[in-house]
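Taking it in order: structure first as structure tokens, then the write-up.
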Amino acid sequence: MGRTLAHPARIIPLGFLAAILLGTALLMLPVSRAGPGGAPFITALFTATSAVCITGLAAVDTATYWSGFGRGVILALFQLGGFGIMSGATLLGLLVARRLRLGTRLIAQHETRSLGLGDVKRVLQLVLGITVVVQAAATLALALRLRLGHGMGWEEALWHGLFHAVSAFNNAGFSTFSDSMVGFARDPLVLAPVGLAVFIGAIGFPVVADLLRDPWRPARWSLHAKLTLVGTAILFGGGVLALLAFEWDNAATLGALEWPHRLANAAFHSAMLRSGGLNSVDVGLMRDETLTVSYALMFVGGGSAGTGGGVRVTTLVVLALVVWAVARGEPDANVFGRRIPVEVQRQALAVVMLALALCAGGSLALQILTDFPLRDVMFEVISATATVGLSTGITPDLPPAAQFVLAVLMFTGRVGTVTVVTALALQRGLNPYRYPEERPIVG
């Protein structure tokens, strides 16, 4: 049993589950709530799950329902969830013991997606360094703007700046303002630091490492970095164009803003759809065409080994390369002078199929449990599964059973569909034989 639970694919979900349960207990304390008494169990559980799984869906108003202590607990939970439960514990052990045991390296390698055991220490140090630098810079920029541009006191400005900097970098989607970023739709000096922090966190630490090492020599970037950057540029640009096309004259969203602010908010929202979870316009008032595009962008999410969610950009790009190779009749999927291994293609297909199954099952469950229209249900389910955190506004009105369904989707989306399936498999091995080959008819 000890060896079974110690497997990296099992201990990581258990670590996240333990953090959720601890967060639930803390949020149920009377001191965590702004009003009388403690929070109900389902409210505390949903909020803790959303925070640890860096999603951002909220059944209650974070700004008014929770006390300062409660908001501090939420901040600590999504900081822990974004950095990684086992990564944090491993880094702490490294600082204390100055070395890593093999089992610890395996666990950290699985969570950080390091390419080799020898990379674990370097990757953890890089993750910590980037986290501290980006969050500190975003906190300073936001605090100065809130103090000098919006008249807040230094203490209040620093608190709001810190909370949103940590939330943005971890793609957590939580805000200390009841309307999220809507009140700053005309302030690019607030939107820009938040959007940049979301982008850096979501693009993935391996990509950031490549850019820091050789920023002006793309030829020396890894294939993963190249695919992530190309895919991100296409998805981000496509999201901006779609938002401008469908919402330009919508007086309830972008249409109420001057044209420079329409461009800025379209870019901001396109970045948030990739897992950021904060919003500067009312998502519930967007047109159906925009929500349809949003489904796809949220489902894909950010880059691998980052704080973003979804099936990941490289997964989509790999499958697109496979389709292109099949269309051209080529035996291999090739790009940038490299061949994509068959194992990677199978993993990409498995991730997408499992994510689609989760979204389909979650949508059906919420349709059974609620009376909300399908467009809102699908948006909520994809947002939870891809750990995005955006909502059309139905989250507070969901019954406890529906909130529990979303909590399961958030947990599964954060720890990874493949990780969960692997964790449930008690044994695995290679068959000593192979069956005869026979081709079924496909298509």
* Asked: At a 1.4 Å probe radius, carbon and sulfur cover how many percent of the accessible area of the chain?
  -> 66 percent
* Just the accessible area per residue of the chain, please: how many Å² with a 1.4 Å probe? -> 47 Å²
* Output the DSSP H helices from the chain with an along-axis C-alpha extent of no less than 24 Å and a mean Kyte-Doolittle hydropathy no less than 1.6. => 8-27
* Cβ-defined net charge surrounding Gln403, 14 Å radius [Lys, Arg +1; Asp, Glu -1] -> -2
* Asked: Could you give the longest part of the chain that holds none of the chymotrypsin sites (Phe, Trp or Tyr not before Pro) found in DSSP loops with at most 16 neighbouring Cβ atoms within 10 Å?
  -> 1-176
* Structure fact -> Most fluctuating of Ile11, Ile234, Ile74 in the GNM of the chain (C-alpha, under 10 Å) is Ile234
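The values are calculated or read from the model by the stated rules, or taken from the named source; none is laboratory data. Just so you know, these numbers come straight off a predicted model, no measurement behind them. Cβ sites come from the backbone with ideal geometry, for glycine too, and all protein chains shown count toward neighbours. These accessible areas exclude ligands, DNA and RNA; they are computed on the full protein's heavy atoms, side chains included. Shrake-Rupley method; radii C 1.70, N 1.55, O 1.52, S 1.80 Å.
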